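One structure below.
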Amino acid sequence: MLTFHIKGLNNSLRPALQQKIDSLAKPKGSLGRLENLAMQIGLIQNTLTPKLTNPVNVIFAADHGIADEGVSQSPKEVTRQVVFNFLHGGSGVCFLARQHGFGMKIVDGGVDYDFPPLSGLINKKIRKGTRNFLKEPALTQEEMEQAFQAGADIVSECHAEGSNIISFGEMGIGNTSAASMWMAAILKRPVAECVGAGSGLDEEGVRHKTRVLQRAMNRYSGSTDPFDVMRHFGGIEMIMAVGGMLRAAELGMIILIDGFIMTNCYLAAFFINPFMREYCIFCHCGGEKAHRKLLNIVCAEPLLDLGLRLGEGSGAVCAYPLVDSAVRMLNEMHSFEQENITKYF
């Protein structure tokens, strides 16, 4: 199994960073969470003058066998259709990426469709969708390890291309079901507490989804170990994101955490290597019912709460300007001394 050597942040620079933040020409603490972000980013990069280079949003796409049980409002064919929309630049995250200067990488990890060679589509297909975890484990051990490695490799490529800040998105009909199972299994929470409407189920649809997922949990004989959970419930795109997050932390990159599904990917990555948390910025609280509960459990305060539930990394990209503002605060604001202003705090 691939392992990661993630360093905890070196706090020796913390006093100097705090001194710089407090010396900026403003009331102490008046820029609120921007000051906290500036501290975190300065520590990640171990500098008083951090910078953000080549932000990229990686979208992993794959299908889920559990979708055959009617747990989603949308049929599996939507996965491939949305992938084409990514490639055409027409999805929600695409306009946000253009607006905020993000590169995009679209990865076929396991879509149940044979794509022809397409410009912009990275082929890392493990298999054409996971197995139905209501009936059998979603993946074999080898398939899980391949997905884990592939996600890490994609991030290594992003880093080699000059990126030091990265967000992750996903596309895969049925993936809120897999995410709910990760949350329930890893944290030992009741399944019903972890299930929401996904792409738009009505109340009866949510009840059906909950019944199906509860039956699947009743059949699960594994442990809370994230590798057991990932192998049994999938999905491929989510496991790729876990590998990607861990590699990004290993490389000292800033990681922007998106919505419910990516927060569950963070959860798995954290239980594999807790040091990765120090590199993560939680970007938004989504509209999926269990997301706020999960954020509270992991003691994360998101930057935005806009009711977003699109996925694709859209909330992370949407929050990026706040991260950029924190860095600009450190680098562009003048100090009391520079402007000969009497400190007023």
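Structure above, values below:
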| item | result |
| --- | --- |
| Residues (outside any loop (DSSP other than H, G, I, E, B) and within 16 Å of ALA61 (Cβ to Cβ)) located in the stretch 121-142 | LEU121, ILE122, ASN123 |
| Residue list for the stretch 303-345, restricted to those being closer than 22 Å to GLY198 by Cα and basic (Lys, Arg) | ARG309 |
| Only one of LEU308, LEU330 that is among the hydrophobic types (A, V, I, L, M, F, W, C) and either surrounded by fewer than 16 Cβ atoms within 10 Å (Cβ to Cβ) or part of a loop (DSSP other than H, G, I, E, B) (or both) | LEU308 |
| Set PHE233, PHE271, PHE260, PHE282: member being in contact with a His (Cβ under 6 Å, 6 or more places away or on another chain), farther than 18 Å from VAL155 by Cα and modelled with pLDDT of 95 or more | PHE260 |
| Count of the stretch 27-62 residues which are among the hydrophobic types (A, V, I, L, M, F, W, C), closer than 26 Å to ILE154 by Cβ and without any contact (Cβ under 8 Å) to a residue 40 or more places away in the chain | 0 |
| Which listed residue, of MET104, MET144, is farther than 12 Å from GLY235 by Cβ and touching a helix residue (DSSP H, G or I) at 6+ places or on another chain (Cβ under 6 Å) | MET104 |
| Hits in the stretch 205-250 (condition: farther than 16 Å from GLU143 by Cβ, crowded, with 16+ Cβ neighbours inside 10 Å and β-branched (Val, Ile, Thr)) | VAL206, THR210, VAL212 |
| The stretch 291-305, subset part of a loop (DSSP other than H, G, I, E, B) and among the hydrophobic types (A, V, I, L, M, F, W, C), residue nearest to ALA185 (Cα to Cα) | VAL298 |
| Qualifying residue in the stretch 276-294 (condition: crowded, with 23+ Cβ neighbours inside 10 Å, touching a helix residue (DSSP H, G or I) at 6+ places or on another chain (Cβ under 8 Å) and of a type in the set (Ser, Thr, Tyr)) | yes |
| Top-ranked residue in the stretch 63-112 [being assigned to a loop (DSSP other than H, G, I, E, B) and without any contact (Cβ under 8 Å) to a residue 40 or more places away in the chain; ranked as nearest to GLU288 (Cα to Cα)] | GLY90 |
| Matching entry among ILE122, ILE126 (being farther than 16 Å from GLY235 by Cβ and of a type in the set (Val, Ile, Thr)) | ILE122 |
| Residue in the stretch 65-115 that is modelled with the lowest pLDDT, counting only those that are surrounded by fewer than 20 Cβ atoms within 10 Å (Cβ to Cβ) and of a type in the set (S, T, N, Q) | GLN73 |
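The values are calculated or read from the model by the stated rules, or taken from the named source; none is laboratory data. All values reported here derive from a predicted model rather than from experimental measurement. Using ideal geometry, Cβ is built from the backbone for each residue, glycine included, and neighbour counts are taken over all protein chains shown.
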